[in-house]
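Here is the structure we will look at, set down as structure tokens.
Coordinate-derived values only; no laboratory data. As the structure is a prediction and not an experimental result, all values here were calculated from the model. Using ideal geometry, Cβ is built from the backbone for each residue, glycine included, and neighbour counts are taken over all protein chains shown.
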Amino acid sequence: MRSIPVNAEVTPQGPAQVLRLCGLAVSFTTPAGVVCAASDVSLQVARGECLGVVGESGAGKSVSFLALLGLLPPNARVQGAAQFCGTELLRAGPRALERLRGAAIGMVFQDPMTSLTPHLRIGEQIAEVLVHHRKLSWAAARARAQQLLTRVHVTDPAHRMAQYPHELSGGMRQRVMIAIALACEPQLLIADEPTTSLDVTIQAQILALLAELKREQGMAMVLITHDLGAVAGVADRVAVMRGGRVIETGAVAAILNAPHDPYTQALVRNAPRLTASAGVTQAARGQEAVALTLTDVSVEFSVGARWFGRAAALSAVNAVSFELRAGESLGVVGESGAGKSTLARAVLQLLKPSSGRVVWMGAALGELPAGELRALRRDLQIIFQDPLASLDPRRTVGEIVAEPLRVHAPELDAPARGLEVDAALRRVGLPATLAGRYPHELSGGECQRVGIARAMIVKPRLLVCDEPVSALDTPTQQQIVTLLAQLQCESGLSLVFVSHNLALVQRLCERVLVLYLGRMMELAPAQSLYARPLHPYTRELLSAVPLPDPQLQPARLARALPGEPPSPLNPPSGCVYRTRCPHAVAVCQQRVPAWELAGGDRQVACHRWREL
Amino acid sequence: MLRYALRRLGGLIPTLLVIVTVSFCIVRLAPGGPFDQEQTLTPAVRANLDHLYGLDQPLAAQYLHYLGGLLHGDFGPSLSQRDFTVTELIGQGLPVSITVGLLAILLALVIGIPAGIAAATWRNQGADHGLTLFAALAVALPSFVTGPLFALVFGLALHWLPVAGWERGAPRYLVLPVLTLALPVAAYLARLTRASLLEVLRSPWIRSARARGLGGTRVLWRHALRPALLPAVSYLGPALAYVVTGSLVVETVFGLPGTGRYLVQGAIDRDYPLVMGMIVVYGALLLLFNLIADLLYGWLDPRVRHE
């Protein structure tokens with residue numbers, strides 16, 4: 001397997017190079033044979049430079065960097081050379097690697113939910129690194145930890161020190177991870193998909209923080225991601241990986257503006273952008289009947305209910321009203337906690353609204369007897385966020401896709417059902433042979449296609465998509481969105497598409513509803529919303545979308561909306577957005593803004609939309 | 001935390017009341033009565049006995065009378081062991097059973113959890129295979145086999161320890177019963193700890209702790225161990241139940257004057273107050289152990305911590 005590096009970059013190797021990989025190859029010995037995960041990876045990162053490593057999942061990005069830190073399982077075989085500041089990492093012993101990890105090389109992982117130890121306080125986890133590597137006393141380490149929290153812009157650091165990871169939001173946890181990685185002032189920071197599981201607004205904040213740290217600390221940085229938009233804002237150079245190999249390396253502007261390799265070209269072409277012309281135009285539907293009407297729908301949850309205690313009411317969705325015509329597509333956008341998923345479930349009566357009406361084709365769903373509602377569900381289908389978790393792991397793909405037919409078309413016999421399943425799988429771009437496989441054998445994109453096939457097999461008239469692509473990597477996101485657009489076009493169904501990313505919504509939706517803390521902020525045809533957003537929050541959401549444009553993106557990141565949504569248990573008075581709104585004035589605190597018509601089929605809830 | 005513990009302690013009372021009520025009904029549903037086996041009783045004597053013990057009253061009245069007694073700590077008279085009250089019987093036997101039972105659980109924890117950690121640390125090596133095999137054997141062997149076996153080996157063959165007896169809890173007499181009772185619990189705890197520690201060691205936060213350069217020992221003790229102990233802690237309640245039922249065999253084999261035999265013998269004799277007394281005492285112990293397990297849970301995992 002030992003190979004001679006053939007595509008090693010020819011650059012002067014001065015002392016500025018912090019990390020140099022030469023012909024790195026990683027393979028895993030499995031019961032099924034040797035699997036090659038990366039081969040002939042040659043890269044270098046200089047001091048003060050950020051290298052973006054881009055590719056789909058399974059391209060060998062993470063594996064290559066985990067390999068040089070000695071973090072792969074024992075069945076991994078690593079070959080080649082990896083020079084870090086004069087040390088050959090692949091020949092360093094476990095003790096020597098331990099001394100480097102967390103001290104000279106900091107690492108930030110993808111999932112801040114699970115990457116912090118759940119039973120240790122935040123402060124302890126940061127201080128521990130300093131005690132371990134720097135031999136500080138615990139008291140000194142704690143004091144330094146608090147400074148680090150301030151450095152990564154964690155609000156109220158003294159209080160956070162004593163909190164446990166589960167008490168923090170995803171964005172805060174990722175900041176803590178970064179603080180831990182920075183604790184010993186590393187020469188190299190490796191960030192492995194640091195923003196993947198976060199909201200766009202929080203993604204922008206974390207990327208802005210990384211860009212700031214790179215600028216001010218002058219360390220070398222590796223940003224592993226599937227998102228070209230993330231790379232555009234932070235990286236200086238980009239390496240594109242595919243199938244375990246580096247297929248193209250170059251300056252970020254060169255790669256994003258003039259890629260050479262056909263794969264990179266496709267990657268750049270398909271990256272989500274916000275363009276005035278790309279939006280879906282609103283079809284003339286004057287004659288089309290209104291299919292779905294929501295009138296003042298609210299959903300409340302009671303929190304902390306006990307036998308004798310008072311329960312607090314959490315208003316997840318607050319007085320949402322809209323109409324959806326047959327064949328129309330509506331995007332619902334907002335951050336986590338905006339009530340998007342709750343609204344999606346309330347539309348389908350998977351959650352009972354605490355007040356308001358949901359009317360589908362003239363029938364008020366909340367008032368129907370259970371049997372009639374069940375029969376109507378054939379028309380109303382949903383696809384979920386987590387593609388793997390929403391499929392029964394003990395059933396084959398064929399059984400999963402066939403199940404709605406067993407309920408809604410019991411007259412079909414097994415062979416007829418089999419034919420339908422084959423057709424449904426083909427429509428979502430999957431081979432019919434997949435019917436015999438189990439969900440865990442499929443990729444995330446394939447699982448989501450199975451979910452779509454299961455929803456589409458009964459030929460629904462309304463499809464609710466609850467964040468259907470946020471668990472997938474960017475190229476797969478694009479494929480799924482394209483598939484949904486195509487299915488909608490063919491079958492003329494109405495679509496409600498929930499997402500936190502406005503760039504995805506633009507590809508699919510004619511109208512967009514913006515939610516914040518369960519309240520409607522703006523409802524507008526997509527074209528006018530993207531061209532001229534009226535509500536300040538819509539503007540922030542738009543500017544948080546990571547664009548694959550190295551000229552614009554760094555400046556956009558620098559303007560990232562600070563802060564996180566307040567707790568829905570204790571919403572601000574007046575306009576709920578005022579605590580984060582850069583334009584808030586006294587009236588915003590006193591009165592709830594009215595839901596006003598703003599001309600041209602647009603509606604907005606803001607006191608100051610006319611002047612801004 | 002203290003307030004939570006006190007409130008939970010208060011919550012045990014209604015649970016105990018349910019246990020008393022249900023077991024009272026079940027015990028009385030069993031066919032036959034306390035004096036059925038004494039064939040020579042004339043109807044008049046029989047009626048006298050029933051009257052003496054209040055068995056001729058309606059069931060509801062007996063139930064209320066029993067509850068009233070319980071409030072005073074009075075479990076009533078034993079029907080099979082005349083001249084003794086149930087309170088006296090339990091008061092004599094329970095210290096023996098509790099000493100042996102708690103020591104057994106303690107020993108099981110002290111052996112089982114470190115053994116599980118060792119097996120997980122050296123997984124798939126000789127020590128792990130040895131421990132896993134030994135644990136499987138210890139779980140499978142019933143105590144009426146291991147007990148006499150220990151007595152044979154350590155008592156009769158090697159003369160290290162006495163074969164049976166109590167002698168006011170002299171340590172020499174405690175070793176074999178405690179060991180017999182602890183062995184399967186320790187083995188089960190070892191298996192639980194091994195499996196859960198291996199799972200925790202595969203979790204993302206362990207990888208992330210290793211990426212911070214923390215050494216293997218520190219990762220194990222500080223980051224992996226506490227969550228890995230959760231299954232072992234939840235097993236504390238069932239372990240107590242096992243020790244309670246196991247005490248019958250062990251106390252018989254080693255001739256200990258404990259309460260283990262009362263539950264079975266009392267049930268066979270239809271000695272209603274004795275059976276009820278045992279159920280109430282063991283029920284309370286079990287509830288207490290589950291409460292301790294719950295509180296430990298909160299200490300091990302802040303996500304389930306209360307208030």
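Data for the structure
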quantity	calculated
Check: region A:388-459 dipole with +1 on Lys, Arg Cβ and -1 on Asp, Glu Cβ, in debye	160
For A:Arg95, A:Arg461, A:Arg134, order by how many other beta-carbon atoms lie within 10 Å, fewest first	A:Arg95, A:Arg134, A:Arg461
Cα centroid separation, region A:127-193 to region A:350-375 (Å)	49
Magnitude of the charge dipole, region A:17-270, Cβ model with Lys/Arg +1 and Asp/Glu -1, debye to 20	640
Computed P(r) (all Cα pairs; chain A; 20 Å bins; percent)	18, 49, 29, 3
Prolate/oblate/rounded call for region B:94-304, Cα gyration tensor, a/c under 1.5 rounded	oblate
Local electrostatic count at A:Ala586 - Lys and Arg +1, Asp and Glu -1, tallied over other residues with Cβ under 13 Å	+3
Positive minus negative residues near A:Arg175 (Lys, Arg vs Asp, Glu; Cβ under 10 Å)	+3
Residue order, fewest to most surrounding Cβ atoms within 10 angstrom, among A:Cys447, A:Cys85	A:Cys85, A:Cys447
Dipole of chain A [Lys/Arg +1, Asp/Glu -1 at C-beta], most positive-end residue of A:Ala389, A:Ile224, A:Ala96	A:Ala96
Cβ-based charge dipole, chain B, positive-most Cα from B:Val86, B:Leu225, B:His72	B:Leu225
Among A:Pro460, A:Gln163, A:Ala204 - extreme Cα towards positive end, dipole of the protein assembly as shown, charges at beta-carbon	A:Ala204
Formal net charge of residues neighbouring A:Cys184 (Cβ-Cβ distance under 12 Å; K, R +1; D, E -1)	+4
Magnitude of the charge dipole, region B:94-304, Cβ model with Lys/Arg +1 and Asp/Glu -1, debye to 20	1000
Computed [θ] at 222 nm, helices only, for chain A once each DSSP H run of length n ≥ 4 contributes -39500 (n - 2.57)	-9500 deg cm²/dmol
Centre separation in Å (Cα based) which lies between region A:472-512 and region B:214-288	58
Helical segments meeting 30 Å axial Cα length and Kyte-Doolittle 0.5 threshold in chain B (DSSP H)	B:2-29, B:86-121, B:171-201, B:272-300
Taking B:Arg210, A:Arg559 and counting other C-beta atoms within 10 Å, the order from fewest to most	A:Arg559, B:Arg210
Chain B: calculated mean residue ellipticity at 222 nm from DSSP helix runs of at least 4, using -39500 (n - 2.57)	-23000 deg cm²/dmol
